[in-house]
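Asker: Starting off with a structure, shown below.
The values are calculated or read from the model by the stated rules, or taken from the named source; none is laboratory data. Worth saying up front: this structure is predicted, and the values here are computed from it rather than measured. Methodologically, a virtual Cβ is constructed for each residue, glycine included, from the backbone with ideal geometry; neighbour enumeration extends over all protein chains shown.
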Amino acid sequence: MGFIDKKPENCSGCRSCELACSLKHFGYFDFSKSRIHIEQEEEHSVIEIHQCIQCDERSCVNVCPTNALSIDTELGYICLDEEACTGCRACYKGCKYNGVMWDDENEKPLICDLCEGEPECLKPCRLHQAITRSMKEIVL
């Protein structure tokens, strides 16, 4: 089972990972459609990488009142049943790691699905290695 390992100290802030993510999931480049967000505080050169860390708590899954979120049994990522999702934002508010993004246009959460095993965000980041693929056992 996997997750994305974030190393903000290696991040240049290019945001290519965000564009790769939106292209993979929506077919076009749009920072607001990305499941990963790079936040920069330029004055002090601080970069934060926000993305689902596939945490053990699974608070977003546990707080969903419609059971629209589930866990993939093979890779351990969080799956969204868009038809069951009411757009209540409980998952967004319930994630203490700021890993759930929100799609204002569709009123649905954007949660990393590891691109079902081949994370697109990693491909443009190979030079800096700010995000890498890691493996861990996730207890379901």
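Asker: Where the second residue is loosely packed, with under 15 Cβ neighbours inside 10 Å and in a loop (DSSP other than H, G, I, E, B) and the first is in contact (Cβ under 8 Å) with a residue 60 or more places away in the chain and polar (S, T, N, Q) and lies in the range 10-29, which pairs have Cβ atoms under 8 Å and are six or more apart or on separate chains?
Answerer: Hits for this filter: 10/129.
Table: residues versus (1) assigned to a loop (DSSP other than H, G, I, E, B); (2) surrounded by 13 or more Cβ atoms within 10 Å (Cβ to Cβ); (3) not small (Gly, Ala, Ser).
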| position | (1), (2), (3) |
| --- | --- |
| 79 | no, yes, yes |
| 91 | no, yes, yes |
| 99 | yes, yes, no |
| 102 | no, yes, yes |
| 106 | yes, yes, yes |
| 112 | yes, yes, yes |
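Asker: For the range 82-130, enumerate the residues that are among the β-branched types (Val, Ile, Thr) and under 12 Å from residue 64 (Cα atoms).
Answerer: The one that is among the β-branched types (Val, Ile, Thr) and under 12 Å from residue 64 (Cα atoms): 86.
Asker: For the structure I just gave you, tell me whether residue 67 is over 19 Å from residue 5 (Cβ atoms), polar (S, T, N, Q) and free of Cβ contacts under 8 Å to residues at least 24 places away in the same chain.
Answerer: Spelling it out, residue 67 is indeed over 19 Å from residue 5 (Cβ atoms), polar (S, T, N, Q) and free of Cβ contacts under 8 Å to residues at least 24 places away in the same chain.
Asker: Next question, about the same structure. Scan the range 79-102 for residues that are touching a Pro at 6+ places or on another chain (Cβ under 7 Å) and modelled with pLDDT under 95 and report the count.
Answerer: 0
Asker: Might you let me know whether the range 6-23 holds any residue that is part of a helix (DSSP H, G or I), more than 12 Å from the chain's Cα centre (by Cα) and surrounded by 18 or more Cβ atoms within 10 Å (Cβ to Cβ)?
Answerer: Yes - at least one qualifying residue is present in the range 6-23.
Asker: Among the residues of the range 49-77, write down those that are under 30 Å from residue 14 (Cβ atoms) and in a loop (DSSP other than H, G, I, E, B). Show your work before the answer.
Answerer: Of all residues in the range 49-77, those under 30 Å from residue 14 (Cβ atoms) come to 49-55, 60, 72, 75-77.
Once the filter is applied, which keeps residues that are under 30 Å from residue 14 (Cβ atoms) and in a loop (DSSP other than H, G, I, E, B), the range 49-77 yields 52, 53, 54, 55, 72, 75, 76, 77.
Asker: Right, something else. Given (1) modelled with pLDDT under 95; (2) touching a Cys at 6+ places or on another chain (Cβ under 7 Å), identify the lone condition not met by residue 76.
Answerer: Of everything listed in (1) modelled with pLDDT under 95; (2) touching a Cys at 6+ places or on another chain (Cβ under 7 Å), residue 76 misses just condition (2).
Asker: Every residue in the range 114-131 that is surrounded by 16 or more Cβ atoms within 10 Å (Cβ to Cβ), within 21 Å of residue 9 (Cβ to Cβ) and modelled with pLDDT of 65 or more, please.
Answerer: Start the filter on the range 114-131 by keeping residues that are surrounded by 16 or more Cβ atoms within 10 Å (Cβ to Cβ), which leaves 114-115, 119-122, 124-125, 128, 130-131.
Add one more test, that the residue is within 21 Å of residue 9 (Cβ to Cβ), and what stays is 119, 121-122, 124-125, 128, 130-131.
Correct list: 119, 121, 122, 124, 125, 130, 131.
Asker: Another question, then. Criterion first (more than 21 Å from residue 118 (Cβ to Cβ) and touching a residue at least 12 places away in the same chain (Cβ under 8 Å)) does residue 58 satisfy it?
Answerer: yes
Each row is one residue, and each column tells you yes or no for (1) touching a strand residue (DSSP E or B) at 6+ places or on another chain (Cβ under 6 Å); (2) under 14 Å from residue 109 (Cβ atoms).
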{"residue": "5", "(1), (2)": "yes, no"}
{"residue": "8", "(1), (2)": "yes, no"}
{"residue": "16", "(1), (2)": "no, no"}
{"residue": "25", "(1), (2)": "no, yes"}
{"residue": "32", "(1), (2)": "no, yes"}
{"residue": "37", "(1), (2)": "yes, yes"}
{"residue": "45", "(1), (2)": "no, no"}
{"residue": "58", "(1), (2)": "no, yes"}
{"residue": "70", "(1), (2)": "yes, yes"}
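Asker: Something else about it: Do you know which of the residues in the range 30-48 that are outside any loop (DSSP other than H, G, I, E, B) and touching a Cys at 6+ places or on another chain (Cβ under 6 Å) is surrounded by the most Cβ atoms within 10 Å (Cβ to Cβ)?
Answerer: The initial filter retains those residues of the range 30-48 that are outside any loop (DSSP other than H, G, I, E, B), namely 31-33, 36-44, 46-48.
Filter once more, so that each one left must be touching a Cys at 6+ places or on another chain (Cβ under 6 Å): 36, 47.
Details: 36: 26, 47: 17.
Filtering first and then ranking leaves 36.
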